[in-house]
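A.B. asks: Pasting a structure below so you can have a look.
Throughout, read-outs are computed from the coordinates displayed, never taken from laboratory work. Just so it is clear, the structure is predicted and the values come from calculations on it, not from any experiment. Ideal geometry is used to build each Cβ from the backbone, glycine not excepted, and the neighbour counts take in all protein chains shown.
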Amino acid sequence: MPEVDPLNFAPRVTIPVLMLNGRFDSVFPFDTSQEPMFRSLGTPAKDKRHVLFDSDHAPPNDMVIKEVLDWLDRYLGQ
């Protein structure tokens, strides 16, 4: 149904977004899933970030934690 299609919903997202993905993800491939979703987000460019890890669907925890903590510090303060 169109109302549950992520690409129809993404433009309505206008809050800051941190998107973390693996470059070699076979579940959500970069070219056909990640990049179109990121571009479709309604969030201003300055408030969205797409981080690609050289991994599959599950990026390394230590790298994910660092990115998330940096993002939270940016928007919530240290």
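A.B. asks: Can you pull the Rg over Rh of the chain, Cα-only, Kirkwood?
C.D. replies: Rounded to two decimals, Rg/Rh equals 0.99.
A.B. asks: How far is it, in nm, from the label point at V68 to the one at V13 when both lie 7 Å from their Cα along the line to the Cβ?
C.D. replies: 1.6
A.B. asks: In addition: Could you tell me the relative contact order of the chain? Use alpha-carbon pairs under 8 Å, at least six residues apart, and round to a whole percent.
C.D. replies: It comes to 37 percent, rounded to a whole number.
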